[in-house]
Amino acid sequence: MITEELKALLANDPMPDILAPTDRRRVYRGSTAVVNFLLTSKETNNALSIMDGTAMKGSEPPRHVHEHEDETFIIKEGEIDFYIGDQVIHAKAGDIVFAPRKVPHHFVVKSDYVKNLIVMTPGAFDQYFWYLSTPCGTEKTLAPQQQTPEEMKKWKDLVKLFGVDFL
């Protein structure tokens, strides 16, 4: 669900209705990963969105809960541990992991990096990734960069507008 406050924020840097192939690859938050918008919420009337992503070891988000979205992770390369509610799931290439909305979760990349497809339903959370990313060149992955405490607070405040709470 997109609130009026979030609409106002996104108006400053809106995701285009249609993305050219060259605009789909972006560097996410502090150069921690490259995301590729395969299918956006705007292209599916918000039914879902699909992104191809690479998460580097050490770049994982803290434990959090989504109010509005379910997430499905399809692991393509690497190994990752998911902590969903009280469940621990070790996933590797070929595995699929489902993180339902309103259930706290986080993950820990066990290999140097993990490549995965992320399917979000409904799809509007892709606008979070758009808002917190910038266009990138040909890099496949980038080294994680530490955030200052001020940047981390700003990020945690911002993510709440998208219906996500860090625990």
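Would you confirm whether any residue within the range 48-59 is touching an Asp or Glu at 6+ places or on another chain (Cβ under 9 Å) and within 16 Å of P135 (Cα to Cα)? Yes, the range 48-59 has at least one match.
Looking across the range 110-132, the residues that are in a loop (DSSP other than H, G, I, E, B) and out of contact with any Lys or Arg (no Cβ under 6 Å at 6 or more places or on another chain) come down to K110, S111, P122, G123, A124, F125. If you go through the range 35-59 and keep only what is open to solvent by less than 30 Å² (accessible area, probe 1.4 Å) and charged (D, E, K, R), you end up with nothing.
Residue check: is L117 in contact (Cβ under 8 Å) with a residue 60 or more places away in the chain, of a type in the set (A, V, I, L, M) and open to solvent by 40 Å² or more (accessible area, probe 1.4 Å)? Even if it seems obvious, please write down each step before you answer.
On the way: in contact (Cβ under 8 Å) with a residue 60 or more places away in the chain: yes; of a type in the set (A, V, I, L, M): yes; open to solvent by 40 Å² or more (accessible area, probe 1.4 Å): yes.
Answer is yes for this residue.
For the range 60-80, a residue qualifies if it is farther than 15 Å from V164 by Cβ and open to solvent by 20 Å² or more (accessible area, probe 1.4 Å), and the qualifying residues are T72, I74, K76, E77, G78, E79.
For the range 81-92, the condition of being touching a Ser or Thr at 6+ places or on another chain (Cβ under 9 Å), in a strand (DSSP E or B), open to solvent by 50 Å² or more (accessible area, probe 1.4 Å) and not aromatic (F, W, Y) holds for at least one residue.
The values are calculated or read from the model by the stated rules, or taken from the named source; none is laboratory data. Keep in mind that what you see is a predicted model, and the values were worked out from it rather than measured. All Cβ positions, glycine included, derive from the backbone under ideal geometry; neighbour counts span all protein chains shown. Surface accessibility is based on the protein's heavy atoms, side chains included, excluding ligands, DNA and RNA. Shrake-Rupley method; radii C 1.70, N 1.55, O 1.52, S 1.80 Å.
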